[in-house]
Structures are given as structure tokens and as C-alpha cells.
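Inspection log for the structure reproduced underneath, given as C-alpha cells.
The values are calculated or read from the model by the stated rules, or taken from the named source; none is laboratory data. Bear in mind the structure is a predicted one, so any value in this text is a computation, not a measurement. Positions of Cβ are generated from backbone atoms using ideal geometry, with glycine treated the same way; all protein chains shown enter the neighbour counts.
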Amino acid sequence: MKRNSHDRAYMTPNEVAELLMVSPVTVRQWAQKGWVRAITTAGGHRRFLRQDVEQFARDRGMELISDGPPRVLVVDDNRSFARYLADLLANQSTSIDTETAHDGFDAGRKVLQFSPDIVLLDLKMPGMDGFSVCQQLKDDEITRHIRIIAMTGYYTPDNEARILTAGAEACLAKPFDKRVLLRVLGFEGGEERDGLSLDKGLDQHVM
């Protein structure tokens, strides 16, 4: 799994400047004026939450420089299935960074740490379920831009309608075809680098 400086939750002024294609001095001036939120460390250094920087850029129509492959967070309490999906996506010919979480609270923590572009979210989990996770992400202006694709082994039309109303783009019924998953995620056309296949291995991972 490849990681770079932009994958961290907090960014330095230089990293923000690189992302927005401006000078670090400009970034510091924006922070002083309160245009973009920043925190100050115990050592007196400014740090910027990545989501705040991205929202600042979107509000002003600024272009973000490409900063690496898309990031997908797989959230499922079935650890083997979550790892299997993450490995399958990471092994597509189109580079995809992946991370896993195994309950709703873990998902919230990983969203801040990993800054995913997409959350592949199981609906039925102990504690905070997928419906609650989706609602919280979409209610927060910092995370509402994240694409959410729901998945469930307990599909019903009511569950689908409920999660779509909460803000998910789609709801996949397990087991699902790999090609359907890649098409919904927007990665259609990729090939596995090491032979992993969702179609062949799904049954031994889905509960």
C-alpha cells in the first residue's frame, strides 16, 4: 500500500502550498486572515486538516494538483472480507491505495487519518452500523464530499432506499460480481496484477 505526505490527516504549510500550487507565504497569509482553518502545535507550527484545505479549494474553484492514486477505505466487521476487498482493489492495474476498518468507530478514526476518496461501507456492523456512519459523514461539511458505496449481505429494497437517502451512491448486495464493484467505484477496466479474483474467492470470505 503506497502512502505519501498527502495521505496524512494534517498537512504542513509547504504541503498545502504544493497541493494548491501557491507559495507557503500565501498559505500562511490565508491562515492569518482566517480563510483556511489551521491549528498551532505546541512548538508553534501551523498544521492544516486536509479536509479543510480541500473544502477551501472547492469553495473558491481552485484546482488541486494530482497527489497520487485514489484512496478507498473498506469498512466491514468481517475482517477477512475487508482485507480481501482491500487487496483486490490494491492489486488492480490502476493504482488504488486502500485501508480497512472493522466497525463504525474505527471507520471514523480511519477517515481522519487516511482521508479516503471513497468509503466502501458494510451496513450491518456491531455498535455503530453503516447507516449511522454514512449519516455522520454526510452531515459533516468536512467529510460530506467522500463518496460512499454501501454493501450488505442483508439486502432489502427498504435498506437500499434508507442508505441512498442518507447519502450513499449505491448499495451492493453481497455477494457481488467484481466487475459490478469496479464499475460502481469508477475503476472499470482494471486488470488484477497477481490473479486475485473476487468472483473466485468471494464465497469463502462473505458471511
| query | Name the strands (runs of 3 or more DSSP E) wholly within region 44-102 that hold at least 2 residues that are modelled with pLDDT of 95 or more? | reply | 71-75, 97-101
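Among the residues of region 133-177, count how many are assigned to a strand (DSSP E or B) and under 21 Å from Asn78 (Cα atoms). Spell out how you get there, then give the answer.
Here is the first cut: in region 133-177, the residues assigned to a strand (DSSP E or B) are 147-152, 170-173.
Narrowing further to those that are under 21 Å from Asn78 (Cα atoms): 148-152, 170-173.
Count: 9.
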| note | Restricting region 107-125 to residues that are out of contact with any Leu (no Cβ under 9 Å at 6 or more places or on another chain) and at pLDDT 90 or above, the one surrounded by the most Cβ atoms within 10 Å (Cβ to Cβ) turns out to be Asp122
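Condition first: more than 20 Å from the chain's Cα centre (by Cα) and either exposed (fewer than 12 other Cβ atoms within 10 Å of the Cβ) or touching a residue at least 60 places away in the same chain (Cβ under 8 Å) (or both). Now tell me which residues in region 36-58 satisfy that. Steps first, answer last, please.
Initial filter on region 36-58 (more than 20 Å from the chain's Cα centre (by Cα)): 36-47.
Passing the criteria: Thr40, Thr41, Ala42, Gly43, Gly44, His45.
Give region 100-153 a look and list any residue that's basic (Lys, Arg) and either under 16 Å from Leu185 (Cα atoms) or in contact with a strand residue (DSSP E or B) (Cβ under 8 Å, 6 or more places away or on another chain) (or both), or say none.
Here is the first cut: in region 100-153, the residues basic (Lys, Arg) are 109-110, 124, 138, 144, 147.
Across region 100-153, the qualifying residues are Arg109, Lys110, Lys124, Lys138, Arg147.
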| Out of the residues in region 135-150 that are at pLDDT 90 or above and over 12 Å from the mean Cα position of the chain (by Cα), which is surrounded by the fewest Cβ atoms within 10 Å (Cβ to Cβ)? | Asp139
| task | Report whether or not Leu88 is within 18 Å of Val180 (Cβ to Cβ), assigned by TED's automatic domain parsing to the domain that holds Glu160 and either touching a strand residue (DSSP E or B) at 6+ places or on another chain (Cβ under 6 Å) or not charged (D, E, K, R) (or both). | result | yes
| query | (1) touching a residue at least 60 places away in the same chain (Cβ under 8 Å); (2) assigned by TED's automatic domain parsing to the domain that holds Ala173: which one isn't true of Arg79, the others all being true? | reply | (1)
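Is it true that some residue in region 75-89 is within 11 Å of the chain's Cα centre (by Cα) and surrounded by 16 or more Cβ atoms within 10 Å (Cβ to Cβ)? Let's see the steps before the verdict.
Of region 75-89, the ones within 11 Å of the chain's Cα centre (by Cα) are 75.
Now narrow it down to the ones that are surrounded by 16 or more Cβ atoms within 10 Å (Cβ to Cβ): 75.
Scanning region 75-89, I find at least one residue that is within 11 Å of the chain's Cα centre (by Cα) and surrounded by 16 or more Cβ atoms within 10 Å (Cβ to Cβ), so the answer is yes.
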